[in-house]
Amino acid sequence: MTQASFPRLTAADSRRGFLKLGGVALSGTAVALLGGLPMRGFAASHSDAKASGDIAILNVALGLEHEGIAAYEIGAGSGLLSKPLLAVATLFKSHHEGHRTALIGAIEKMGGTPVQPKSMDDYKASEKLSISSIKTGDDVLRLAQRLELGAVNAYIGVMPSFADRNLAQVAGRLIADETMHWTALTQALGGSLPTPAFSFGA
Amino acid sequence: MSFQIASMLLASALLSVSAGAAADAKRGEALYAARCGACHSVADNGAGPRHRGVFGCHAATQPGFDYSDALKHSDIVWDEKSLDRWLSDPSAFVPGNMMVVRLANEPGDRADLIAFLQSVSQGERSCKPGATMPAAAITTHP
């Protein structure tokens with residue numbers, strides 16, 4: 001195959017690895033970015049029906065963020081990740097926590113009720129996460145990779161449906177973060193980058 | 001090789017439903033995992049309803065899922081035609097439904113997704129079968 005792929009990141013070569021963390025600056029920036037969600041235009045500018053449609057979409061997104069946080073938490077607690085990968089997982093989890101905060105804020109601002117996370121036991125038992133089949137660090141990464149891809153595509157799929165265009169921009173920023181995660185995870189797994197253009201969404 | 005067996009099974013299943021359809025359930029499975037998997041799984045309700053048995057069932061009849069009134073009252077039975085319309089634009093097909101998602105704009109992608117949904121609709125079925133369900137789709141596999 002002629003697909004491009006980065007050299008595989010292992011604990012041993014992590015110091016020159018593509019995934020090397022940018023110190024506190026990255027997570028600090030992430031938090032700052034997420035704190036600055038455009039909140040104008042929520043609620044007041046459109047009808048209740050449109051707002052409730054938007055709230056429903058945001059709640060689906062929030063459910064995915066809850067699930068992603070749980071998956072990273074389970075992965076981080078599994079003892080299966082090497083130190084550098086654990087640091088990456090912790091960083092990505094913090095991004096999802098930032099998303100969660102932003103989504104809850106947006107939903108509440110629009111008069112909606114944010115969906116609650118399931119219990120950790122429910123996440124562990126869910127067929128979708130299939131936690132019981134995780135045996136290695138790569139299994140943890142593959143689960144995260146699958147969830148990130150699912151979230152990217154789901155967000156792309158719902159984006160045209162937002163009545164409030166500011167929310168479409170928020171979705172775009174979520175998509176950028178999740179795509180960044182997917183790419184890093186794919187690289188850490190030694191996977192190939194997609195060959196065709198427009199490989200996300202449809 | 002299991003892929004060949006799966007395609008042969010699929011080919012015969014498709015032949016009995018609509019002769020000549022060249023849909024690829026295997027590819028459909030991969031598309032499903034990537035594009036639908038955030039909200040759906042075959043086994044469990046999530047943000048969207050579970051999909052086991054969906055092909056040949058009345059819309060909005062998976063137990064335990066809180067469907068929109070729009071889909072509940074839609075009187076749709078899921079077959080190749082209705083699924084194709086649904087996946088190309090759910091809101092145009094059933095206005096007011098809750099799957100405000102467009103992730104299958106290519107006809108070939110839809111055909112493969114539908115072939116996959118059909119392949120997971122053999123056997124156990126928790127939703128309500130439609131009267132017009134093709135005979136092939138009710139056959140239970142061991």
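The values are calculated or read from the model by the stated rules, or taken from the named source; none is laboratory data. Note that the coordinates shown come from a computational prediction; the quantities given were computed from them, not determined experimentally. Cβ placement follows ideal geometry from the backbone for every residue including glycine, while neighbour counts extend to all protein chains displayed. Accessible surface is based on the protein model in full, side chains and every heavy atom, while ligands, DNA and RNA are left aside. Shrake-Rupley method; radii C 1.70, N 1.55, O 1.52, S 1.80 Å.
Return only the number of the condition from (1) within 14 Å of the chain's Cα centre (by Cα); (2) in contact (Cβ under 8 Å) with a residue 12 or more places away in the chain that B:ARG85 does not satisfy.
Just one mismatch for B:ARG85, condition (2).
In region B:43-68, which residue that is at the interface with chain A (Cβ under 10 Å from one of its Cβ atoms) and open to solvent by less than 30 Å² (accessible area, probe 1.4 Å) is nearest to B:MET98 (Cα to Cα)?
Checking each candidate, the answer is B:SER68.
With respect to A:ARG165, is the statement that it is away from chain B (no Cβ under 12 Å), modelled with pLDDT under 95 and either within 22 Å of A:SER52 (Cβ to Cβ) or surrounded by fewer than 22 Cβ atoms within 10 Å (Cβ to Cβ) (or both) true?
Considered against the rule, which asks whether it is away from chain B (no Cβ under 12 Å), modelled with pLDDT under 95 and either within 22 Å of A:SER52 (Cβ to Cβ) or surrounded by fewer than 22 Cβ atoms within 10 Å (Cβ to Cβ) (or both), A:ARG165 comes out as yes.
I'd like the full set of residues that are within 15 Å of the chain's Cα centre (by Cα) and either modelled with pLDDT under 95 or surrounded by 20 or more Cβ atoms within 10 Å (Cβ to Cβ) (or both), limited to region A:70-86.
A:ALA70, A:ALA71, A:TYR72, A:GLY75
Testing A:ILE57 on (1) more than 19 Å from A:ALA184 (Cα to Cα); (2) touching an Asp or Glu at 6+ places or on another chain (Cβ under 8 Å); (3) β-branched (Val, Ile, Thr), one condition comes back false. Which one is that?
(2)
Within region A:124-158, how many residues are more than 9 Å from every other protein chain (Cβ to nearest Cβ) and either on the phi < 0 side of the Ramachandran plot or buried (at least 17 other Cβ atoms within 10 Å of the Cβ) (or both)?
19
Return a yes/no flag: does region A:88-103 have any residue that is within 18 Å of the chain's Cα centre (by Cα) and at pLDDT below 55.
Taking every residue of region A:88-103 in turn, none turns out to be within 18 Å of the chain's Cα centre (by Cα) and at pLDDT below 55.
Residue by residue through region B:81-102, note down the ones that are within 13 Å of another protein chain (Cβ to nearest Cβ), part of a loop (DSSP other than H, G, I, E, B) and surrounded by 18 or more Cβ atoms within 10 Å (Cβ to Cβ).
B:ASN97, B:MET98, B:MET99, B:VAL100, B:VAL101, B:ARG102
Can you give me the number of residues within region A:87-103 that are open to solvent by 50 Å² or more (accessible area, probe 1.4 Å) and either of a type in the set (A, V, I, L, M) or under 13 Å from A:GLU73 (Cβ atoms) (or both)?
Looking only at that region, the number is 3.
Can you work out which of the residues in region B:11-42 that are touching a Leu at 6+ places or on another chain (Cβ under 9 Å), more than 9 Å from chain A (Cβ to nearest Cβ) and part of a loop (DSSP other than H, G, I, E, B) is modelled with the highest pLDDT?
For region B:11-42, the residue satisfying everything is B:ASP24.
From the set of residues in region B:103-134 that are among the aliphatic types (A, V, I, L, M) and farther than 18 Å from B:ARG50 by Cα, which is surrounded by the most Cβ atoms within 10 Å (Cβ to Cβ)?
Within region B:103-134, the match that is surrounded by the most Cβ atoms within 10 Å (Cβ to Cβ) is B:ALA104.
For region B:103-124, state whether one or more residues are among the aliphatic types (A, V, I, L, M), modelled with pLDDT of 90 or more, touching a Cys at 6+ places or on another chain (Cβ under 8 Å) and not in a helix (DSSP H, G or I).
yes
When only residues in region A:111-123 that are open to solvent by 40 Å² or more (accessible area, probe 1.4 Å) and either over 24 Å from A:GLY53 (Cα atoms) or among the charged types (D, E, K, R) (or both) count, which is farthest from the other protein chains (Cβ to nearest Cβ)?
Ranking the candidates gives A:MET120 first.
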